[in-house]
Amino acid sequence: MKAAYFKEHGGAEKILYDDYRDPVAEAGEVVVRVRACALNHVDMLLLDGRFPPPEGLPHVNGCEVTGTVESLGPGVAGLERGQRVIIFPGFSCGRCEYCLRGERTVCVRYGYLGAAKDGGYAELVKAPAANILPLPEAISFEAGAAVPLAKAECRPGQTVLVQAAGSGVGSAAIQIARLCGARVMTTVGSDDKIDFARGLGAEHVVNYRTQDFVEEARRWTGKRGVDIVVEHIGGETFERSVLALTRLGTLVTIGSHDTHWGRLDLRHVYSKNLRVLGTNLGSVLELGTILEHLVAGRLQAVVDRVFPLRDARAAVQHVLDRKNRGKVLLVP
Ligand SMILES: [Zn+2]
């Protein structure tokens with residue numbers, strides 16, 4: 001098969017488009033013919049070596065995949081060749097303490113499609129059958145791959161600050177918070193993304209390059225501060241996000257796109273009884289719920305641009321340049 005892979009760490013220029021070993025479905029696994037694969041920020045960390053692929057190089061990125069069932073490994077039932085599917089990207093063992101508690105996303109042997117294993121920047125990809133969900137006819141392959149993979153723990157009327165509306169996590173979090181009935185403010189890095197952010201449902205949009213988001217959060221809430229910040233940048237954004245919270249507020253950390261590190265002013269955390277909540281991914285069940293919301297039109301997949309797989313290098317550069325508003329997709 002053809003794949004866009006890399007054998008050295010670096011920037012977009014390290015991505016090669018060429019022949020690559022075909023995946024073979026072993027017991028309990030399914031090979032999927034990729035119809036669309038979204039770029040995710042974790043791909044950039046795998047590429048540049050901040051998060052080296054556990055199985056080494058060469059490696060194929062791509063964790064958000066839709067396609068059709070190509071072949072079934074021994075013992076797989078309930079799926080048919082040609083069936084339209086979406087892959088839930090989190091792998092868990094099903095046997096450890098956390099899996100048995102039902103907390104599969106913190107499995108001690110947890111791994112992601114496109115990180116622990118080769119992913120979807122390819123014509124074919126394989127995954128455990130347990131990770132394969134039918135993709136409803138009403139959802140296109142492109143929309144399915146751009147599905148907002150985020151979970152929300154907010155309530156109607158709460159105020160939420162979502163960092164970086166233009167990113168996949170940001171655009172999903174804004175919509176999901178709105179779906180919960182929360183009020184949302186968000187940040188963008190350029191004024192031409194303001195209308196896009198408003199269109200997703202953000203009430204107040206701040207350009208973080210020219211405005212101070214902490215000041216703006218205070219102003220927007222009448223000096224109170226917001227109930228929830230959804231933070232996925234790291235560094236100074238993480239550090240300052242805590243200052244935007246009101247008492248009993250929650251800082252949700254769901255990624256570290258700029259840096260894995262962030263300082264915390266502990267005085268704010270204990271004196272305001274704040275919570276810092278880490279989260280990686282929803283569950284298979286939550287993905288099912290999100291698909292239902294998509295079918296019903298309550299959520300929109302936000303597709304920025306579709307690139308042919310052979311142009312993966314350009315697609316990655318587009319994301320590294322932060323030009324995207326929503327998801328960037330590769331289509332073989
Ligand atoms: Zn486990």
Within the range 115-135, count every residue that is at pLDDT 95 or above and assigned to a loop (DSSP other than H, G, I, E, B). 6
Restricting to the range 309-322, name every residue that is in contact with a helix residue (DSSP H, G or I) (Cβ under 9 Å, 6 or more places away or on another chain) and surrounded by fewer than 18 Cβ atoms within 10 Å (Cβ to Cβ). 314, 317, 320
Is it true that some residue in the range 208-223 is touching a Gly at 6+ places or on another chain (Cβ under 8 Å), under 30 Å from residue 316 (Cβ atoms) and crowded, with 20+ Cβ neighbours inside 10 Å? no
Just checking, which of 55, 13, 70 is assigned to a loop (DSSP other than H, G, I, E, B) and more than 16 Å from the ligand (Cβ to nearest atom)? 55
Out of 130, 116, sole residue that is more than 10 Å from the ligand (Cβ to nearest atom) and over 20 Å from residue 55 (Cα atoms): 130
State which residue is surrounded by the fewest Cβ atoms within 10 Å (Cβ to Cβ) when the search covers only the range 30-80 and only residues that are among the basic types (Lys, Arg) and closer than 19 Å to residue 134 by Cα. 33
Taking the conditions exactly as written (of a type in the set (Asp, Glu) and closer than 30 Å to residue 284 by Cβ), does residue 153 satisfy them or not? yes
Kindly indicate the residue of the range 280-293 that is part of a helix (DSSP H, G or I) and in contact with a Pro (Cβ under 8 Å, 6 or more places away or on another chain) and also surrounded by the most Cβ atoms within 10 Å (Cβ to Cβ) among those meeting that condition. 290
Looking only at the range 190-197, decide whether some residue is over 21 Å from residue 321 (Cα atoms) and crowded, with 23+ Cβ neighbours inside 10 Å. no
Under 8 Å by Cβ, and 6 or more places apart or on different chains, what pairs join a residue from the range 10-26 that is without any contact (Cβ under 8 Å) to a residue 60 or more places away in the chain with one that is in a loop (DSSP other than H, G, I, E, B) and among the basic types (Lys, Arg)? 14/7; 16/7
Scan the range 91-107 and report the pairs whose first residue is among the charged types (D, E, K, R) and whose second residue is near the ligand (Cβ under 7 Å from one of its atoms), with Cβ atoms within less than 6 Å and a gap of 6+ or a chain change. 104/92
Quick one: which strands (runs of 3 or more DSSP E) lie wholly within the range 161-279 and hold at least 1 residues that are at negative phi, of a type in the set (S, T, N, Q) and modelled with pLDDT under 95? 245-253
Within the group 228, 254, which residue is out of contact with any strand residue (DSSP E or B) (no Cβ under 6 Å at 6 or more places or on another chain) and under 15 Å from residue 177 (Cβ atoms)? 254
Report yes if residue 143 is touching a residue at least 60 places away in the same chain (Cβ under 8 Å) and part of a helix (DSSP H, G or I), otherwise no. yes
Given the conditions (1) out of contact with any strand residue (DSSP E or B) (no Cβ under 6 Å at 6 or more places or on another chain); (2) surrounded by fewer than 22 Cβ atoms within 10 Å (Cβ to Cβ), which single one is not true for residue 233? (2)
For the range 82-109, which positions are within 7 Å of the ligand (Cβ to nearest atom), surrounded by 18 or more Cβ atoms within 10 Å (Cβ to Cβ) and part of a loop (DSSP other than H, G, I, E, B)? 92, 107
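The values are calculated or read from the model by the stated rules, or taken from the named source; none is laboratory data. What you see is a predicted model, and the numbers here were worked out from it, not measured in a lab. Cβ coordinates were reconstructed from backbone atoms using ideal geometry, including for glycine residues, and neighbour counts include every protein chain displayed.
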